[in-house]
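A short worksheet on the structure shown next.
The values are calculated or read from the model by the stated rules, or taken from the named source; none is laboratory data. Everything numeric here is computed off the predicted structure, so don't read it as measured data. Every residue, glycine among them, receives a Cβ derived from its backbone with ideal geometry; neighbour counts consider all protein chains shown.
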Amino acid sequence: MTRNKLLNTAILICKFICAFYIFMFVLFTALFIHFQISPNSYKGANFDFTTYSFKIDDSWKVNNVNGDKLEDKDVFILDKISTVSTYIIYLQFSAILVLIFLCTKEFQKIMESVKSLKTFQTNNVISFRKIGKYIFIIFLLTSYTSIQFENGGKSQIQFSFTPLLFMLFAFIMAEIFKEGNKLKKENDLTI
């Protein structure tokens, strides 16, 4: 019974996380639409480029037309971001939210199969592989950022190794469940 309570709790947490990511997607889409309708509402809001990942390229570009020295707070202002950059950021962030949502749903399917005592099934192997692929796509989407403003831009390539570790873990779990599936089939044949 303890195992079922723990699995039920894990499944419930997965459902809440999925609902949270749906809420985040709707909220982010509403902010994106509001920004497209009324960019003046964000006048004076600065863009912060703080990051804690390993960076390969961290290039800042300021287009100085008059020859005056421009401060970052004068260049990287949210209401002066280019339209193309807003769409790219929206699509990139939305894709990341959708992929995390899909990872959570696959994990929920695995928990439900374990709960119903169908642990070492081929579906779980496929689910872990899907999770690994989704996480690799997230790694690629978060590796490159390019934002263009009216008077400058920011491009950077950065690698966060955390998604790669999760991807590796998912593929290892897929192989463990694959071997468990083989052992289960061999055990079923001997009986």
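Summary table below
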item	result
Residue in segment 101-112 that is among the aliphatic types (A, V, I, L, M), within 22 Å of residue 12 (Cα to Cα), modelled with pLDDT of 95 or more and not in a loop (DSSP other than H, G, I, E, B) present	yes
Matching residues in segment 138-170 - criterion: being buried (at least 16 other Cβ atoms within 10 Å of the Cβ) and either small (Gly, Ala, Ser) or assigned to a helix (DSSP H, G or I) (or both)	138, 139, 141, 142, 152, 153, 163, 166, 167, 170
Residue pairs meeting the criteria (Cβ under 6 Å; at least 6 apart or on separate chains; first farther than 18 Å from residue 102 by Cα, in segment 16-38; second part of a helix (DSSP H, G or I))	32/90
Segment 113-137, residues that are within 22 Å of residue 186 (Cβ to Cβ), assigned to a helix (DSSP H, G or I) and touching a residue at least 60 places away in the same chain (Cβ under 8 Å)	114
Residue match in segment 4-20 (condition: at pLDDT below 85 and either polar (S, T, N, Q) or out of contact with any His (no Cβ under 9 Å at 6 or more places or on another chain) (or both))	yes
Residue that is surrounded by the most Cβ atoms within 10 Å (Cβ to Cβ) [pool: residues in segment 93-116 that are aliphatic (A, V, I, L, M) and within 19 Å of residue 175 (Cα to Cα)]	110
